Amino acid sequence: MLLDNVNSPADVKKLSVNELNILSSDIRECLIKRLSVNGGHCGPNLGMVEMTIALHYVFNSPTDKIVFDVSHQCYTHKILTGRKEAFINPQKYKSVSGYTEPSESEHDHFIIGHTSTSVSLASGMAKARDLKGEKYNVIAIIGDGSLSGGEAFEGLDYAAELNSNMIVIVNDNQMSIAENHGGIYKNLALLRETNGCAECNLFKAMGFDYMYIANGNNIEVLINAFNEIKDCNHPIVVHINTIKGKGYKPAEDNKESWHFCSPFDIESGKPQQSGGKSIDYQTLTADYLLERMKNDKSIVAITAGTPTVMGFDAKRREKAGEQFVDVGIAEEHAVALASGLAKGGAKPVFGVYSTFIQRAYDQISQDLCINNNPATLLVFWGSLGSMNDVTHLCFFDIPLLSNIPNLVYLAPTCIDEYWAMLNWSINQTEYPVAIRVPAGKEATKVVNIEKCYSPINRYKVIDEGSDVAIIAAGSYFSLGERVASLLSSKYGITPTLINPRYLTGIDKCVLNSLKENHKVIATLEDGVLDGGFGEKISRFFAPSDIKVLNFGAKKEFVDRYNIKEFLRANHLTDEIIVEDIINCLRNS
């Protein structure tokens, strides 16, 4: 393979155009092989091979700064900047992050995993360069899907006024994760149809110079274009039409499902068999909402560019019709839209991954909760055991949401409780409600599930005991069950087991009753402790003699951690929790 002789951008610059095309084939082959074993972002990376090669052929990284948006397209960049072994050696597949990572290479400038950020970050670097009187190129790469995010508009608005070198490459593959939505895409389509010559041009209107490249997977064309704009003295947008999933037929034919892939068989494209199957809350949620939509035209399902977060694949989106709204990668707008829908008498349900809900904090607080509008937010994958890349951690949502006034944050322990809470939330008109969709093992002891959750902040005592009370929230109720069982079998202690159900408030009646015959209270939550649910319980019992142990995760950024090691380090195994409780009892 020609790739064997390429270890840095300097090696790329020595190759002929014909050799660069061979290199692109070599890289695409090794990407497909690695993705088939390790999984990862498939379509975005396959579509960016030629463009990345051309960038490193023309520009001089790391002196010239290349800033990727969301990092879903950085694999070829990593291969060409000294990290090739992580893509050709199976034993080293997990040795690099799936996102840009400055600790790996001087060619990476930011840790980036959320979208619509590259133009803002790059414009900051360009401004710093200008203030210091330095000379180099700053290149921001952003996908067409990412343009729907508000920060992308803010960045473009600022960058257009820099009056110095600022290159924005718009990688237009006509896709976000699913199809694009929004008025901006009509203009992108017009520009593609007119080969970039349409008088109506969003980027020119904002103050950018503009160049269009129709064949964004042609290395020679890309090199000529990049040479033309290199060292420019003003902001320019280079609009490049590429093919998502380029070079692998299943990924080209099914762009949405191949945006991110699990391990698969290369020949057939079929996913490799995985272990035990867990409950598919996403698909079940979509089917539930579709059934409700048949008889209630006011129900609206909302997504911010990730429709399958709550199971709305292409067929289900078609069935929902106008009752399904994809706002693009714009969580802020999604929340404000939900608030407006609720105010207008509709019943909005916004489904979002835990890691992305934080992008809309101000809108949840200001647009939704201050106005106390009864929208429903479904928070998926909120757990210490879900995504473990540092940019996609899903365990900060409890402190974030549970401390906003007016919001009711519910934590169902099993699927039946989830349905009851979701049904109540959609029907009620008193509160904005968020539901932390269960993750992990199902609870087994939750029976006689209530259908109504108002008045709010009423805990449910599942088992009554003495000395020790276990208050286990949501996904960690099953952990609470195991801890209770171990305390009984090993130490003869029958603990009180409580399902709190509400993450946003305390049940003073239940908590006061525990003062009569309990010495230790243990709270369990599937998230970070600081500012979380358990601290509310600790604060309540602080004036009393009862000792409270909060079990959850330490506040920190962690990357690609081993979940078993992580749980042990945070005292979140059955045995360690029981040991901590017994030690506390002995010292009480």
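Coordinate-derived values only; no laboratory data. Predicted model, so just to flag it, every value in this text is computed and none were measured. Cβ coordinates were reconstructed from backbone atoms using ideal geometry, including for glycine residues, and neighbour counts include every protein chain displayed.
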| task | Normalise the Cα radius of gyration of the stretch 440-528 by 2.2 N^0.38 Å (N = residues in it) and let me know the number. | result | 1.05
| Roughly what percent of Cα-Cα pairs across the stretch 2-261 reach past 31 Å? | 18 percent
| Using unit Cβ charges (K, R positive; D, E negative) and no other charged atoms, how large, in debye to the nearest 20, is the dipole of the chain about its Cα centre? | 860 debye
| How far apart, in nm, are the 7 Å Cα→Cβ label points at Ser454 and Asn38? | 5.1 nm
| task | Assuming R0 = 41 Å, can you tell me the calculated FRET efficiency for the pair Asn517 and Asn427, based on Cβ-Cβ distance, to the nearest 0.05? | result | 0.60
| field | Using alpha carbons only: equivalent-ellipsoid semi-axes of the stretch 195-295, gyration tensor based, whole Å | value | 41, 23, 12
| If you add up the charges near Arg560, with Lys and Arg at +1 and Asp and Glu at -1, over every other residue whose beta carbon is less than 9 angstrom from its beta carbon, what do you get? | -1
| task | Taking the Cα centre of the stretch 2-261 as origin, work out the dipole magnitude from +1 charges on Lys and Arg Cβ and -1 charges on Asp and Glu Cβ, in debye rounded to 20. | result | 500 debye
| remark: With no solvent term and unit scatterers on the alpha-carbon positions of the stretch 314-445, Debye gives log₁₀ I(q)/I(0) at q = 0.19, 0.21 Å⁻¹ of -1.14, -1.35
| If each of Ala214 and Glu228 carries a label point 7 Å out from its Cα toward its Cβ, how far apart are those two points in nm? | 1.3 nm
| said: Quick test of the membrane-span-like rule: which DSSP H helices of the chain reach at least 30 Å along their long axis (C-alpha atoms) with mean Kyte hydropathy at least -1.0? | reply: 17-38
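Quote the relative contact order of the stretch 1-144 in percent (integer), defining contacts as alpha-carbon pairs under 8 Å separated by 6+ residues. It would help to have the intermediate numbers written out before the result.
Numbers: 202 pairs, mean separation 37.4, N = 144.
Here the relative contact order equals 26 percent.
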| query | Looking at this model, which pairs from Lys508/Lys547; Lys490/Lys536; Lys186/Lys244 are more than 24 angstrom apart at the alpha-carbon? | reply | Lys490/Lys536
| query | Which value results when the Cα radius of gyration for the stretch 370-455 is divided by 2.2 N^0.38 Å? | reply | 1.14
| remark: Read-out Cα Rg over 2.2 N^0.38 Å, candidates (1) 1.41; (2) 1.05; (3) 1.22; calculated match is (2)
| field | Point-charge dipole on Cβ atoms (K/R +1, D/E -1) for the stretch 281-436, about Cα centre, debye to 20 | value | 300 debye
| Relative contact order for the chain, counting Cα pairs under 8 Å that sit 6 or more residues apart, in percent | 10 percent
| task | Rank Asn5, Gly39, Gly311 by how far each Cα sits towards the positive end of the charge dipole of the chain (+1 on Lys, Arg Cβ; -1 on Asp, Glu Cβ) and give me just the farthest. | result | Gly311
| field | Sequence-separation-based contact order of the stretch 259-375, relative, with Cα cut under 8 Å and 6+ spacing, percent | value | 24 percent
